[in-house]
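A short worksheet on the structure shown next.
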Amino acid sequence: MVNRTPRIKDIISGMILLAARDRDPMPLAKLHSIIHEMKSHESILSGLRFSLTGTVCYSRDIDQAINHLIEDGFLEIVDGSAFVGEHAHEFSRYLSGFLTNSQIQAVHSASLRFHERVRRDAKVPRNLK
């Protein structure tokens with residue numbers, strides 16, 4: 001294992017991929033705003049920067065993380081939603097190459113909270129179905 005401070009792109013990549021589930025789409029449109037809302041509660045996201053324009057928030061770091069996951073086959077984008085890619089099972093090995101166990105646990109814990117927020121925000125109210 002290489003002993004280095006994790007890059008924010010790696011932390012975000014871990015959160016997104018660990019939160020993605022087989023056959024369970026994760027809408028990309030909400031990722032930036034959900035992670036922005038989480039930033040104040042998750043110390044692991046302290047290095048993340050956003051541009052805010054009105055009600056729209058954007059992070060180049062998040063886009064880079066998504067593109068990294070797509071390029072390496074960890075994540076697939078279909079109709080604006082993210083799905084686990086064919087190489088997703090290799091991602092934990094990738095993370096363990098430079099993150100300590102406690103850092104991996106922090107990323108995993110944040111990804112569980114992120115997953116819950118994505119699912120909660122993506123639900124359609126019953127009266128709109």
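The values are calculated or read from the model by the stated rules, or taken from the named source; none is laboratory data. Every value quoted in this text rests on a predicted model; they were computed, and no experiment measured them. Glycine gets a Cβ as well: all are built from the backbone with ideal geometry, and neighbour counts include every protein chain shown. Just so you know, the surface numbers come from the protein's heavy atoms only, side chains and all, with ligands and any DNA or RNA stripped out. Shrake-Rupley method; radii C 1.70, N 1.55, O 1.52, S 1.80 Å.
Taken about its Cα centre, segment 11-129 carries a charge dipole of roughly 600 debye when the Cβ of each Lys and Arg holds +1 and the Cβ of each Asp and Glu holds -1.
Choose one of Ala20, Ser59, Ala88: the residue whose Cα lies farthest towards the positive end of the charge dipole of segment 1-96 (beta-carbon charges +1 Lys, Arg; -1 Asp, Glu; about the Cα centre). Comparing the listed Cα positions along the dipole, Ser59 ranks first. Every Cα-Cα pair of the chain was included, and the share exceeding 19 Å stands at 47 percent. Can you list residues whose amide H is under 5 Å from Ala20's amide H, if they're 5+ apart or on another chain and H is modeled 1.01 Å from N? Close amide H contacts, sequence-distant or interchain: none at all.
Can you give the angle from 0 to 90° between the axis of helix 101-122 and the longest principal axis of the chain, with both taken from C-alpha atoms, to the nearest 10? Long axis of 101-122 versus the principal axis of the chain: about 10 degrees. Heavy-atom accessible area with a 1.4 Å probe sorts Arg60, Arg117, largest first, into Arg60, Arg117. Residues in segment 29-44 carry Karplus couplings, in order, of 4, 9, 4, 4, 5, 5, 5, 4, 5, 6, 3, 5, 9, 10, 4, 5 Hz; the curve used is 6.51 cos²θ - 1.76 cosθ + 1.60 with θ = phi - 60°, and Gly or Pro positions show x.
Once the convex hull of all Cα atoms in segment 32-72 is built, its volume per residue stands at 73 Å³. Taking all protein chains as present, what is the carbon and sulfur share of the accessible area of segment 18-84, in % to the nearest whole number, probe 1.4 Å? Reported share for carbon and sulfur atoms: 48 percent.
Report the FRET efficiency, 1/(1 + (r/R0)^6), for Ser51 and Gln105, where r is their Cβ-Cβ distance and R0 is 25 Å, rounded to 0.05. The pair Ser51/Gln105 has a calculated efficiency of 0.25. Taking amide hydrogens as placed 1.01 Å from N in the peptide plane, the amide H of Ser81 sits under 5 Å from those of Leu28, each at least 5 positions away in sequence or on another chain. Sorting the segments 9-17, 79-87 by their mean number of nearby beta carbons within 10 angstrom, highest to lowest, gives 9-17, 79-87. For the pair His41 and Glu86, a Förster radius of 35 Å applied to the C-beta separation gives a FRET efficiency near 0.60, rounded to the nearest 0.05. Volume per residue of the convex hull around the Cα atoms, evaluated for segment 21-92, comes out as 107 Å³. Taking each residue as 0.36 nm, the span from Arg60 to Glu116 lengthens on full extension beyond its C-alpha to C-alpha distance by 17.9 nm.
Averaging the sequence gap over all C-alpha pairs within less than 8 Å and six or more residues apart, then dividing by the number of residues, gives the chain a relative contact order of 40 percent. Helix 8-19 and the longest principal axis of the C-alpha atoms of the chain enclose an angle of approximately 60°.
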